[in-house]
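Student: Can you keep this structure in mind? I'll have questions shortly.
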Ligand code: GLA
């Protein structure tokens, strides 16, 4: 891939002298969805697919960006003196946002750069192509300009730029999973304290299969921010009767005790999802550690039901894929992953059943929705690196 990236760079910017190549992964979340902005737990892992960047410093203050994936946009030019989000900047708002976040913390770039990006994460799929790009750019800035920044901080800067430069009020899960990824391990993260632990993904003779609905996720950002607002409104109600600052501080029993104070039925369901999903995540990680993979799978299924009925972030495409997966042979568990409203599902499938799973789930999905799903049997990879 390094050679390929150098080739792309040469084609766009003329020569490849002094060019360096970096990589940051995508991520899939196994369980713990929409808990990361509610002070709860998540259990994602980094993937071996991700985003590559070939980069070289310039001697002036220009920033020149090119994406192989969006090549019709050509080279997008900007400068270190223009770190302001704009519609015309399109995808380059992501790298610019990270440069802006570093700049705001006093890590100022003394010169610009030429950067060529190529990603093999399907975009808009819920596998965090944007967080991958953010962490990639953070890793590039650290290396090229010599900033002393730990991987965990790369995650924080990525999140900060996504929230304040790109307007999505996201949690820390995606950037953390990417910046802290480790081969064959999932990350059990408490998003309130940022305490984390690696858990080996011992799936025996089973594989992780991702299915992409290929449904365009139109309103994702505004719906995402809306859900976050609903959780905040539910917390405000609960705060009148108990001393909490996040929904996930409550377990199910405590929630039952206090829930009558939430008089809006929609808010009540949103809050119930956050509380129950956090508890499911704790139970799922315990099950995995004890080798109870079947129980882990059941909790994945329950997670989907809660996201469908209480949190209402699934939709017909994700539900069709998951329900077809539940009926297929050799499936240990299946659920939507990421923000929802389209994007991908994640399933744990016995190795010998993977081919029939792809065939049967794919057929049923096309029959019911008229769309074609893509399937990926994925491997769990490490964090950002220089190639
Ligand atoms: C998106 C956000 C994450 C997280 C998930 C839902 O991926 O970026 O912070 O909230 O949705 O679990």
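Laboratory data are not the source of any read-out in this text; all were calculated from the coordinates shown. Everything quoted here is computed from the prediction, not taken from an experiment. Reconstructed Cβ throughout: ideal geometry from the backbone, glycine too, with neighbour counts over all protein chains shown.
Student: Identify the residue in segment 163-187 that is in a loop (DSSP other than H, G, I, E, B) and over 23 Å from residue 284 (Cα atoms) and, among all such residues, is farthest from the ligand (Cβ to nearest atom).
Tutor: First, pick out the residues of segment 163-187 that are in a loop (DSSP other than H, G, I, E, B): 165-172, 180-181, 183-184.
Adding the requirement that they be over 23 Å from residue 284 (Cα atoms) leaves 165-170.
Values: 165: 14, 166: 11, 167: 12, 168: 7, 169: 9, 170: 3 Å.
Once the filter is applied, the top-ranked residue is 165.
Student: Against the definition (within 27 Å of residue 258 (Cβ to Cβ), away from the ligand (no atom under 16 Å from the Cβ) and in a helix (DSSP H, G or I)), how does residue 283 come out, yes or no?
Tutor: Spelling it out, residue 283 is indeed within 27 Å of residue 258 (Cβ to Cβ), away from the ligand (no atom under 16 Å from the Cβ) and in a helix (DSSP H, G or I).
Student: Turning to a different aspect of this structure: Here are the criteria: (1) within 16 Å of the ligand (Cβ to nearest atom); (2) farther than 27 Å from residue 314 by Cα; (3) part of a helix (DSSP H, G or I). Tell me which single one residue 230 does not satisfy.
Tutor: (2)
Student: Still on this structure, please answer the following. Does residue 89 qualify as being farther than 30 Å from residue 250 by Cβ and more than 16 Å from the ligand (Cβ to nearest atom)? Full working, then the answer.
Tutor: Numbers: farther than 30 Å from residue 250 by Cβ: yes; more than 16 Å from the ligand (Cβ to nearest atom): yes.
So residue 89 passes the test.
Student: Can you confirm whether residue 358 is closer than 30 Å to residue 268 by Cα, part of a helix (DSSP H, G or I) and either more than 19 Å from the chain's Cα centre (by Cα) or touching a residue at least 24 places away in the same chain (Cβ under 8 Å) (or both)? It would help to see each step written out before you state the result.
Tutor: Details: closer than 30 Å to residue 268 by Cα: no; part of a helix (DSSP H, G or I): yes; either more than 19 Å from the chain's Cα centre (by Cα) or touching a residue at least 24 places away in the same chain (Cβ under 8 Å) (or both): yes.
Considered against the rule, which asks whether it is closer than 30 Å to residue 268 by Cα, part of a helix (DSSP H, G or I) and either more than 19 Å from the chain's Cα centre (by Cα) or touching a residue at least 24 places away in the same chain (Cβ under 8 Å) (or both), residue 358 comes out as no.
Student: Output the residues belonging to segment 71-115 that are in a strand (DSSP E or B) and either closer than 17 Å to residue 135 by Cβ or under 22 Å from the mean Cα position of the chain (by Cα) (or both).
Tutor: If the condition is that a residue be in a strand (DSSP E or B) and either closer than 17 Å to residue 135 by Cβ or under 22 Å from the mean Cα position of the chain (by Cα) (or both), then 113, 115 are the ones that fit.
Student: Specify which of the listed residues (293, 250, 288, 189) is more than 21 Å from the chain's Cα centre (by Cα), closer than 25 Å to residue 26 by Cβ and surrounded by 20 or more Cβ atoms within 10 Å (Cβ to Cβ). Walk me through how you get there before you give the answer.
Tutor: Details: 293 fails: surrounded by 20 or more Cβ atoms within 10 Å (Cβ to Cβ); 250 fails: closer than 25 Å to residue 26 by Cβ; 189 fails: more than 21 Å from the chain's Cα centre (by Cα).
Just one listed residue meets the conditions, 288.
Student: On the given criteria, is residue 60 under 22 Å from residue 146 (Cβ atoms) and either in a loop (DSSP other than H, G, I, E, B) or within 16 Å of the ligand (Cβ to nearest atom) (or both)? So that I can check it myself, show each step before the final result.
Tutor: Working: under 22 Å from residue 146 (Cβ atoms): yes; either in a loop (DSSP other than H, G, I, E, B) or within 16 Å of the ligand (Cβ to nearest atom) (or both): yes.
Here the answer is yes, as residue 60 does meet what is asked.
Student: Given the residues 274, 339, which is the only one that is surrounded by fewer than 24 Cβ atoms within 10 Å (Cβ to Cβ), within 14 Å of the ligand (Cβ to nearest atom) and in contact (Cβ under 8 Å) with a residue 24 or more places away in the chain? Break it down into steps so the answer makes sense when it comes.
Tutor: Working: 274 fails: surrounded by fewer than 24 Cβ atoms within 10 Å (Cβ to Cβ).
None of the others qualify; the one that does is 339.
Student: Taking only segment 2-32 into account, find how many residues are at negative phi and touching a strand residue (DSSP E or B) at 6+ places or on another chain (Cβ under 7 Å).
Tutor: Number of matching residues: 19.
Student: Right, next: Of all residues in segment 142-161 being within 22 Å of residue 66 (Cβ to Cβ) and surrounded by 24 or more Cβ atoms within 10 Å (Cβ to Cβ), which is nearest to the ligand (Cβ to nearest atom)? Even if it seems obvious, please write down each step before you answer.
Tutor: Of the residues in segment 142-161, the ones within 22 Å of residue 66 (Cβ to Cβ) are 142-145, 158, 161.
Then keep just the ones that are surrounded by 24 or more Cβ atoms within 10 Å (Cβ to Cβ); that gives 158, 161.
On the way: 158: 10, 161: 12 Å.
Checked segment 142-161; the qualifying residue nearest to the ligand (Cβ to nearest atom) is 158.
Student: Can we say residue 39 is in a loop (DSSP other than H, G, I, E, B) and within 16 Å of the ligand (Cβ to nearest atom)? Reasoning before the result, please.
Tutor: Working: in a loop (DSSP other than H, G, I, E, B): yes; within 16 Å of the ligand (Cβ to nearest atom): yes.
Yes, satisfied.
Student: Every residue in segment 193-214 that is within 16 Å of the ligand (Cβ to nearest atom), surrounded by 17 or more Cβ atoms within 10 Å (Cβ to Cβ) and in contact (Cβ under 8 Å) with a residue 24 or more places away in the chain, please.
Tutor: 210, 212, 213
Student: Failed condition for residue 384, given (1) touching a helix residue (DSSP H, G or I) at 6+ places or on another chain (Cβ under 9 Å); (2) free of Cβ contacts under 8 Å to residues at least 60 places away in the same chain, with all others met?
Tutor: (2)
Student: Mind listing just one residue for me: the one in segment 312-329 that is touching a residue at least 40 places away in the same chain (Cβ under 8 Å) and away from the ligand (no atom under 16 Å from the Cβ) and, of those, surrounded by the fewest Cβ atoms within 10 Å (Cβ to Cβ)?
Tutor: 316
Student: Which of the following residues is in contact (Cβ under 8 Å) with a residue 24 or more places away in the chain and touching a helix residue (DSSP H, G or I) at 6+ places or on another chain (Cβ under 7 Å): 221, 174?
Tutor: Just a single option satisfies the conditions, and that option is 174.
Student: Okay, next question. Give me a count of the residues in segment 126-161 that are free of Cβ contacts under 8 Å to residues at least 60 places away in the same chain, more than 13 Å from residue 101 (Cβ to Cβ) and not in a helix (DSSP H, G or I).
Tutor: So the answer is 3.
Student: State whether one or more residues within segment 318-340 are assigned to a loop (DSSP other than H, G, I, E, B), on the phi > 0 side of the Ramachandran plot and in contact with a strand residue (DSSP E or B) (Cβ under 9 Å, 6 or more places away or on another chain). Full working, then the answer.
Tutor: Kept after step one, since they are assigned to a loop (DSSP other than H, G, I, E, B), are these residues of segment 318-340: 328-330, 338-340.
Cutting the leftovers down to on the phi > 0 side of the Ramachandran plot gives us 330, 338, 340.
Now drop any that are not in contact with a strand residue (DSSP E or B) (Cβ under 9 Å, 6 or more places away or on another chain), which leaves 330, 338.
Yes, segment 318-340 contains at least one residue that is assigned to a loop (DSSP other than H, G, I, E, B), on the phi > 0 side of the Ramachandran plot and in contact with a strand residue (DSSP E or B) (Cβ under 9 Å, 6 or more places away or on another chain).
Student: Let me ask something additional. Take the residues in segment 15-36 that are in a loop (DSSP other than H, G, I, E, B) and within 12 Å of the ligand (Cβ to nearest atom); name whichever of them is surrounded by the most Cβ atoms within 10 Å (Cβ to Cβ). Outline the logic, then answer.
Tutor: We begin by selecting, within segment 15-36, every residue in a loop (DSSP other than H, G, I, E, B); these are 15-19, 30-36.
Still in the list and also within 12 Å of the ligand (Cβ to nearest atom): 30-36.
Details: 30: 29, 31: 28, 32: 25, 33: 29, 34: 29, 35: 31, 36: 25.
The extreme case among them is 35.
Student: A further question on this structure: Consider segment 119-141. How many of its residues are farther than 20 Å from residue 84 by Cα and within 15 Å of the ligand (Cβ to nearest atom)?
Tutor: Of the residues in segment 119-141, 10 are farther than 20 Å from residue 84 by Cα and within 15 Å of the ligand (Cβ to nearest atom).
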